[in-house]
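Heads up: the structure comes next, in structure tokens.
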Amino acid sequence: MTVNAARAAGEEAVAGRIAVGHRADLTVLADDPLTTAATDLPGLPVVLTVVDGRPTHRDPGM
């Protein structure tokens, strides 16, 4: 999903996939958003957020 967003922003050379030389921007959720009921998605806890390769949020229980 992120490849198309990076391409649309003109950033496909530095973003949009997990690869050497690409920015590491990602969010780790407490459960799988693809199998979580849509009504439960807003309450799904964020476990980890990484921006430009640096953790910006980490669940204390992690």
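The values are calculated or read from the model by the stated rules, or taken from the named source; none is laboratory data. Everything numeric in this text was worked out from a predicted model, so none of it was measured. Reconstructed Cβ throughout: ideal geometry from the backbone, glycine too, with neighbour counts over all protein chains shown. Areas reflect the complete protein model, heavy atoms only, side chains present, ligands, DNA and RNA absent. Shrake-Rupley method; radii C 1.70, N 1.55, O 1.52, S 1.80 Å.
A few notes on this one:
- Heavy-atom accessible surface of the chain: percent carbon and sulfur, 1.4 Å: 59 percent
- Computed over the chain, the per-residue total of -39500 (n - 2.57) for DSSP H runs of n ≥ 4 gives a 222 nm mean residue ellipticity of -3000 deg cm²/dmol, rounded to 500.
- Cut-off 13 Å between beta-carbons: net charge of the residues surrounding Leu41, Lys and Arg +1, Asp and Glu -1: -3
- Check: the chain dipole with +1 on Lys, Arg Cβ and -1 on Asp, Glu Cβ, in debye: 220 debye
- Accessible area per residue in Å² at 1.4 Å probe, computed on the chain: 77 Å²
- Put a dot 7 Å past the Cα of Val47, heading toward its Cβ, do the same for Glu11, and the two dots end up 2.4 nm apart.
- Rounded to the nearest 10 Å², the accessible area of Thr35 at probe 1.4 Å: 110 Å²
- Legend: translational diffusion of the chain by Stokes-Einstein, Rh = Kirkwood radius over C-alpha pairs, 4 °C, 1.567 mPa s; D = 99 µm²/s.
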